[in-house]
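Some notes on the structure that comes next.
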Amino acid sequence: MGVEILNGVQVRIGVASEMRAPTQSLEMDGTSRVVVVPVIIKVPDKRLSDLVNRFILKKATDGTKDLMPTAKALRTWLSWIFSQGIDPLSYSIYKYKSPTYSFRQHLLQRANKDKNISLSTANNYILVVKSFYKMLEDEGIVESDLFYKPEVSIVDGYRKVPSSDLSIRVPRGKEKKLSPLTEAEQQFVIASLSEMTTEFTLIILLMMHSGLRLNEALTMNAALFSEGQRIDKTTYLITGVKIGPKYGVSTKFSTERELFLSNCLHQLILYHKSSEAYQNRLDKWRTKSKVVSNRIPLFLSSRGNEMTSGTFYTMWYKFIAKYKKNNNRDLCKRPHDLRATFGTNYLSSALRLFPNDVDACLESTKHYMGHKDIKTTLHYINFLSRKCISEQVAQVMDELVFSSMEVSAL
C-alpha cells in the first residue's frame, strides 16, 4: 500500500488550557475553532508521518484554507523518496540522493519529458517540500541549507522575491482557451460510457452535467444524497445540495457552493449507493477507516480504498481508447474540458431562455461553476460569442462562394 490522503478530517485548533493535575482532561480555551484538513496516512516512517501532518496543521493554523494541494505535494514527494530508498532527514553530498534535489529532478522529468504534470504544478510541489524543510529547521530538526539554498528572484524586472535553488521556472504562457465538447462528442461520450464502470461513469457525469472539477468529484460525499431530497416529483432539479470542506468535499479555495444536480443524475447516484457492490466496498472502507467523520466516500475501489486521481486516469486512458475504437476518431480532450462543457451548455441554454437578462445568466453560471471572480465566467460568454459570430460569418462566406460558383458555371 502506498502513501494516501484521508480527506475531511475535523481538527480543533486553539490554545489548550493549563492542566493542573495529571488526571485532568485536556480542554481548549474559548478562541479554539474546528477546521477540516487532509491527513497523510500509510507513511512507513511514523516520525515522518507525524512531521508532515504537523506541517499541514501548521498551515491550517496560519489560515490556509485549501490544504489539498499541500497534501497532494507531500504524498507525491513521500511516494518518490520511499520508492528511491532516500532518507528525508539525512544530508547527502550527491544530489541524486538528496530528498529535495532528486525530487526536483524527478518533477522536471515528469513535466518536460513524460508530460503528465505541468511546470506550474511541479513548482508548487517543490515549494511545499521547501516549506516543510523550513519548518524542520525552525524546530531544530535539520539545517535547511543542507537541502536548499536561499536565493532572491527578480519579478517584473524590479520586484525582489525570496526564492531558492529548488524553484522551477514556469514560463508565462498564453491564456488557456476553453475546449468544451461539441454536441456530437457529448453524444459519443455518453454512448461509450456504457462499457465503463459505474464509478467512472458517475464521475464523468458529475463533471459534464454538474460542472465539478475532478478532485471535487473524486472526494464527493455519499451522505449528501438521499431519497427525501426529491420532494416535488415534477421538478427536474434537486436543490439545496451544498459542497465544500464543511460538507466533506474538497473544493478549490475551500469555497462552499450549491451543486447543480439534475433529477436523473440524482437517481443514478442513489441507485449506485444502494447497490450491493457499493455496500460491500463501503463495509471494507469502514473496517479500514480509523477516523470518525461525517463523510462517506461515494467512490471506492473493490478493496475499499477511496478513488484516487491515479486510478481515475488509468480508467480515463482506457476510455479514450474505447472512444476511438467505437467512433473511429480521437477524443483530444482533458477531463477538465468536461467541466467546461457544463459551463458552456448551462450559459448557452440560459441565454437562449432569457436573452434579455445577460447579467442574471452570468451570475447563475458563476454560482454553479463556483467561480470566485465574474471575469472567469466571462470567458464562457466570450467563447459563445466567438462561436456564434464564426458560425454566422462562415454561413455568409459559404453563400458568397457558392453563389459565385453558380454564376461562373452559368
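Worth pointing out:
- Considering 366, 375, 333, 325, the condition of being basic (Lys, Arg) and over 26 Å from the mean Cα position of the chain (by Cα) is satisfied by 325 alone.
- Some residue of the range 360-381 being farther than 24 Å from residue 253 by Cβ, in contact (Cβ under 8 Å) with a residue 12 or more places away in the chain and among the aliphatic types (A, V, I, L, M): no
- Selected residue (only one of 116, 53 is closer than 24 Å to residue 309 by Cα and at pLDDT below 90): 116
- Among the residues making up the range 67-114, those that are free of Cβ contacts under 8 Å to residues at least 12 places away in the same chain and of a type in the set (S, T, N, Q) are 83, 90, 92, 105, 109, 112.
- Qualifying residue in the range 305-316 (condition: at positive phi, under 19 Å from the mean Cα position of the chain (by Cα) and of a type outside the set (A, V, I, L, M)): no
- Any hit, the range 138-158, residues being within 27 Å of the chain's Cα centre (by Cα), modelled with pLDDT of 90 or more and either assigned to a loop (DSSP other than H, G, I, E, B) or over 30 Å from residue 273 (Cβ atoms) (or both): no
- Residues that are over 23 Å from residue 294 (Cβ atoms) and either without any contact (Cβ under 8 Å) to a residue 12 or more places away in the chain or aliphatic (A, V, I, L, M) (or both), drawn from the range 32-44: 43
- Looking only at the range 260-277, and only at residues there that are assigned to a helix (DSSP H, G or I) and touching a strand residue (DSSP E or B) at 6+ places or on another chain (Cβ under 7 Å), the one that is farthest from residue 216 (Cα to Cα): 263
- Flag for residue 119 being surrounded by 15 or more Cβ atoms within 10 Å (Cβ to Cβ), in the same structural domain as residue 9 (by TED's automatic domain parsing) and in contact (Cβ under 8 Å) with a residue 60 or more places away in the chain: no
- Applying a threshold of 9 Å to beta carbon distances and a minimum spacing of six or more residues, or different chains, the list of pairs starting in the range 229-250 at a residue that is in the same structural domain as residue 269 (by TED's automatic domain parsing) and ending at one that is modelled with pLDDT under 75 and of a type in the set (S, T, N, Q) reads 248/293.
- Pick from the range 291-308, criterion closer than 19 Å to residue 277 by Cβ and of a type in the set (Val, Ile, Thr), ranking: modelled with the highest pLDDT: 296
- From the list 13, 56, the lone residue that is closer than 19 Å to residue 131 by Cα and in contact (Cβ under 8 Å) with a residue 12 or more places away in the chain is 56.
- Residues in the range 245-267 that are crowded, with 16+ Cβ neighbours inside 10 Å and under 12 Å from residue 205 (Cα atoms): 260, 261, 265, 266.
Residue-wise test of (1) surrounded by fewer than 17 Cβ atoms within 10 Å (Cβ to Cβ); (2) in contact with a Ser or Thr (Cβ under 6 Å, 6 or more places away or on another chain).
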site	(1), (2)
324	yes, no
329	yes, no
337	no, yes
341	no, no
346	no, yes
353	yes, no
362	no, yes
366	no, yes
376	yes, no
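- Taken residue by residue, the range 181-195 has no member that is aromatic (Phe, Trp, Tyr), in contact with a Phe, Trp or Tyr (Cβ under 8 Å, 6 or more places away or on another chain) and surrounded by 19 or more Cβ atoms within 10 Å (Cβ to Cβ).
- Residue that is farthest from the chain's Cα centre (by Cα), among those in the range 198-218 that are at pLDDT 95 or above and polar (S, T, N, Q): 198
- Against the test of being over 19 Å from residue 226 (Cα atoms) and in contact with a strand residue (DSSP E or B) (Cβ under 9 Å, 6 or more places away or on another chain), the options 289, 349, 309, 364 yield a single qualifying residue, 289.
The values are calculated or read from the model by the stated rules, or taken from the named source; none is laboratory data. What you are looking at is a predicted structure, and each value in this text was computed from that prediction instead of being measured. For neighbour counting, all protein chains shown are included, and Cβ atoms are generated from backbone atoms with ideal geometry for every residue, glycine included.
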